[in-house]
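Peer 1: Got a structure for you, written out below as C-alpha cells; questions coming shortly.
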Amino acid sequence: QVQLVESGGGLVQPGGSLRLSCAASRNIFSFPVMEWYRQAPGKQRELVAVITSGGSTNYADSVRGRFTISRDNAKNTVYLQMNSLKPEDTAVYYCHEGLFGSWGQGTQVTVSS
C-alpha cells in the first residue's frame with residue numbers, strides 16, 4: 001500500500017495560478033500511472049490529468065492547455081500546475097495512483113473573486 005498526501009490548494013482569483021503537490025509514502029518509479037481527479041459539489045469525480053511512468057501525459061478537454069501534470073520520482077511527488085484558473089475549476093482535487101489504487105485525502109481549490 002501507499003499513502004498519498006495532497007497539498008497546495010487554496011483560494012485564488014479567476015485567472016490566477018496554483019500548484020498542487022501529491023507526496024507518496026514510497027517510491028513512485030514503478031507506478032504505471034499517477035492521476036489527478038477533481039470533484040465539485042453535486043458532481044461526479046472526474047479525471048483531470050494523467051502521467052505515465054514513461055512521462056506521457058493526457059488531460060481532460062476542459063483543462064488542456066491550462067494545466068500541466070509532472071512527476072519527480074526522486075521526491076516521490078506528482079504535481080499539477082494550474083494556470084488561468086476559472087470558477088468552474090472549483091473542486092476538491094484528489095491524487096490517485098495506478099499500482100495499488102490508493103487515493104489521497106484531497107485538497108480544496110476555490111476560484112472566486
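The values are calculated or read from the model by the stated rules, or taken from the named source; none is laboratory data. Predicted model, so just to flag it, every value in this text is computed and none were measured. Here the Cβ is made from the backbone with ideal geometry for all residues, glycine too, and neighbour counts use every protein chain on show. Each accessible area value is taken on the protein alone, full model and side chains, heavy atoms only, with ligands, DNA and RNA left out. Shrake-Rupley method; radii C 1.70, N 1.55, O 1.52, S 1.80 Å.
Peer 1: Can you work out the Karplus-derived ³J(HN,Hα) for every residue in region 31-46? Use 6.51 cos²θ - 1.76 cosθ + 1.60 with θ = phi - 60°, whole Hz, and x for glycine or proline.
Peer 2: 5, x, 9, 10, 9, 10, 10, 9, 9, 8, x, x, 10, 6, 5, 10
Peer 1: A further question follows. Can you give the Rg to Rh ratio for the chain, taking only C-alpha atoms and Rh from Kirkwood?
Peer 2: Values: Rg = 13.1 Å, Rh = 13.9 Å.
Taking Rg over the Kirkwood Rh, I get 0.95.
Peer 1: Test of understanding: what is the full-extension gain from residue 40 to residue 56, defined as 0.36 nm times their sequence separation minus their Cα-Cα distance?
Peer 2: Numbers: separation 16, 0.36 × 16 = 5.76 nm, distance 2.64 nm.
This chain segment gains 3.1 nm when fully extended.
Peer 1: Starting from a Cα-only point model with no solvent, please compute log10 I(q)/I(0) by Debye for region 55-113 at q = 0.23, 0.25 1/Å.
Peer 2: Relative scattering, expressed as log10 I(q)/I(0), comes to -1.16, -1.29.
Peer 1: Ok, one more. Relative to the compact globular guide of 2.2 N^0.38 Å, what is the alpha carbon radius of gyration of region 37-83, as a ratio?
Peer 2: Working it through for region 37-83, the quotient is 1.23.
Peer 1: For the chain, what is the charge dipole size about the Cα centre, in debye to the nearest 20, if Lys and Arg each add +1 at the Cβ and Asp and Glu each add -1 at the Cβ? Walk me through the numbers on the way to the answer.
Peer 2: Numbers: 10 positive and 8 negative charges, 20 e Å.
With Lys and Arg at +1 and Asp and Glu at -1, about 100 debye.
Peer 1: Once you charge only the Cβ atoms, +1 for Lys and Arg and -1 for Asp and Glu, what is the size of the charge dipole of region 64-113 about its Cα centre, to the nearest 20 debye? Let's see the in-between values first.
Peer 2: Details: 5 positive and 4 negative charges, 29 e Å.
Roughly 140 debye, rounded to the nearest 20.
Peer 1: In terms of the ratio Rg/(2.2 N^0.38 Å) built on C-alpha atoms, what value belongs to region 1-48? Write down the numbers at each step before the final one.
Peer 2: On the way: Rg = 13.4 Å, N = 48, 2.2 N^0.38 = 9.6 Å.
It is 1.39.
Peer 1: Still on this model: Taking θ = phi - 60°, what integer Hz values does the Karplus form 6.51 cos²θ - 1.76 cosθ + 1.60 yield along region 101-113, in sequence order, with x for Gly and Pro?
Peer 2: x, 7, 10, x, 7, x, 9, 7, 10, 10, 10, 7, 8
Peer 1: Turning to a different aspect of this structure: Using a 1.4 Å probe on the protein chains only, how many percent of the accessible area of the chain belongs to carbon and sulfur? Walk me through the intermediate numbers first.
Peer 2: Numbers: 2740 of 5700 Å².
It is 48 percent, rounded to a whole number.
Peer 1: Taking amide H positions as placed in the peptide plane 1.01 Å from N, state which residues far from residue 99 in sequence (5 or more) or on other chains have amide H under 5 Å from it.
Peer 2: Amide H neighbours of residue 99, under 5 Å, 5+ apart: 33.
Peer 1: Using 0.36 nm per residue of separation minus the Cα-Cα distance, give me the extension gain between residue 1 and residue 30 in nm, one decimal. Please list the in-between numbers first.
Peer 2: On the way: separation 29, 0.36 × 29 = 10.44 nm, distance 1.31 nm.
Extra length available between residue 1 and residue 30 comes to 9.1 nm.
Peer 1: Please list 3J(HN,Hα) in residue order for region 15-25, calculated via the Karplus relation 6.51 cos²θ - 1.76 cosθ + 1.60 where θ = phi - 60°; whole Hz, with x for glycine and proline.
Peer 2: Computed from phi, the couplings for region 15-25 are x, x, 10, 9, 10, 8, 10, 10, 9, 9, 7 Hz.
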